[in-house]
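Encoded as structure tokens, the structure appears first; notes follow it.
Laboratory data are not the source of any read-out in this text; all were calculated from the coordinates shown. Everything numeric in this text was worked out from a predicted model, so none of it was measured. Neighbour counts are summed over all protein chains in view; Cβ atoms, including those assigned to glycine, are modelled from backbone coordinates with ideal geometry.
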Amino acid sequence: MDFETNTNPGIPAATLILVRDSDNGAPDVLMVERARKMAFAGGAMVFPGGRIDPGDHAIAENDAIVRGAPGDPLQAAARIAAIRETLEETGIAVAFDPLPDHGATVQLREALHEESDFGAMLASGGWRLDLDLLTPWARWMPNFKQERSFDTWFFVAKAPALAKNKADGGESVSSRWARAQQVIDEAEAGHCSIIFPTHRNLERLARLESYEETRVHAEAHEVKMITPWVEDRDGEKFLCIPDDAGYPVTAEKVTRMVRG
């Protein structure tokens with residue numbers, strides 16, 4: 001495998017780690033299975049998300065439909081993209097005020113599938129997005145030449161009450177709630193595939209026992225750009241990340257990796 005660095009800038013993107021507390025131990029996180037036809041991470045289990053669109057930037061500047069926007073315009077647009085993509089891919093409306101009922105959520109999702117203007121939809125329905133409900137978790141930009149390079153913001157948020165998820169049947173073919181460790185175990189057993197960033201983030205999540213603990217953990221760690229690199233250790237190649245970003249595992253043998 002060629003690990004030559006890609007010098008092109010990453011495509012701006014955002015993803016949302018949606019956390020649901022459980023009465024039976026560790027919380028669940030929402031995962032989607034990407035369609036195998038997708039060029040990036042085809043067939044892999046990932047958190048919902050996608051590219052940041054120009055419309056996300058426009059919404060971030062509209063105080064009438066957004067509150068709690070951070071000072072960084074890119075991060076504000078990333079939070080909106082994470083909300084929009086989660087709604088489109090899973091049918092769950094996150095950070096809406098007021099929270100739309102099931103019927104309205106279905107209509108919003110259908111409109112997104114028809115590429116309607118998200119900002120206009122929010123304005124016409126009287127909804128605002130509370131961006132404070134998304135907590136920055138990480139920022140990743142793998143940049144090897146054989147991969148499509150994304151500059152991706154990760155956020156964590158609490159699942160809204162009575163959230164009903166269903167994959168969109170396009171980019172994602174299934175969605176489900178599962179404990180982080182459960183997804184890792186299934187991947188290790190060959191029952192599903194996860195790419196390197198997803199694996200590292202699931203390991204980080206697996207140590208936390210509630211949404212509140214997850215949020216506090218996220219706030220305790222400064223978000224730094226994570227760009228994995230290859231390191232030779234005793235004749236074996238490892239893909240590595242920084243050891244001060246909150247991750248319990250910071251290196252994996254290249255021969256063990258499953259990557260998109």
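Could you list Glu203, Glu85, Glu114, Glu212 so that the one with the fewest beta carbons within 10 Å of its beta carbon is first and the one with the most is last? All intermediate terms of the calculation are to be shown ahead of the outcome.
On the way: Glu203 16, Glu85 26, Glu114 7, Glu212 13.
Taking fewest neighbouring Cβ atoms as first place, the list is Glu114, Glu212, Glu203, Glu85.
How far, in degrees from 0 to 90, does helix 102-113 lean away from the longest principal axis of the Cα atoms of the chain, to the nearest 10?
Result, in degrees: 60.
Rounded to the nearest 10 degrees, what's the angle between the helix 196-206 long axis and the longest principal axis of the chain, both from Cα atoms, 0 to 90?
70
So how do 222-232, 16-26 stack up, highest first, on mean other-Cβ count within 10 Å?
On the way: 222-232: 14.4, 16-26: 17.0.
The packing order, highest mean first, is 16-26, 222-232.
If I model a spin label at Asp243 and Asp63 as a point 7 Å from the Cα along the Cα→Cβ vector, what separation in nanometres do I get?
Roughly 4.7 nm, to one decimal.
Fewest to most neighbouring Cβ within 10 Å: what's the order for Arg207, Arg84?
On the way: Arg207 15, Arg84 27.
Going from sparsest to densest Cβ surroundings: Arg207, Arg84.
Report for the range 11-256 the percent antiparallel among DSSP-assigned beta bridges with both residues inside it, nearest 5.
Values: 30 of 43 bridges.
Percent antiparallel among DSSP bridges in the range 11-256 is about 70.
Could you list Arg139, Arg200, Arg148 in order of exposure, starting from the residue whose Cβ has the fewest other Cβ atoms within 10 Å? Working shown, then result.
Numbers: Arg139 19, Arg200 25, Arg148 13.
Starting with the residue having the fewest Cβ neighbours, the order is Arg148, Arg139, Arg200.
So what's the angle, to the nearest 10 degrees on a 0 to 90 scale, between helix 73-90 and the longest Cα principal axis of the chain?
On a 0 to 90 degree scale, this one is about 80.
Estimate the FRET efficiency between Trp229 and Glu115 by the formula 1/(1 + (r/R0)^6), using the beta-carbon distance for r and 30 Å for R0, to the nearest 0.05. Spell out each step's value before the answer.
Details: r = 38 Å, r/R0 = 1.26.
According to the calculation, E is roughly 0.20.
At 222 nm, what helix-only mean residue ellipticity would the chain give, in deg cm²/dmol to the nearest 500, using -39500 (n - 2.57) for each DSSP H run of four or more? Before the final figure, lay out the partial values.
Details: 7 runs with 74 residues, N = 260.
It comes out at -8500 deg cm²/dmol, rounded to the nearest 500.
Just to be sure I understand: with springs between alpha-carbon atoms less than 10 Å apart, which residue in Gln107, Gln75, Gln181 has the highest mean-square fluctuation in the Gaussian network model of the chain?
In the Gaussian network model the winner is Gln107.
Averaging sequence separations of C-alpha pairs under 8 Å and six or more residues apart, then dividing by the length of the range 11-256, give the relative contact order as a whole percent. List each step's numbers first, then the result.
Working: 469 pairs, mean separation 60.3, N = 246.
Computed value for the range 11-256: 25 percent relative contact order.
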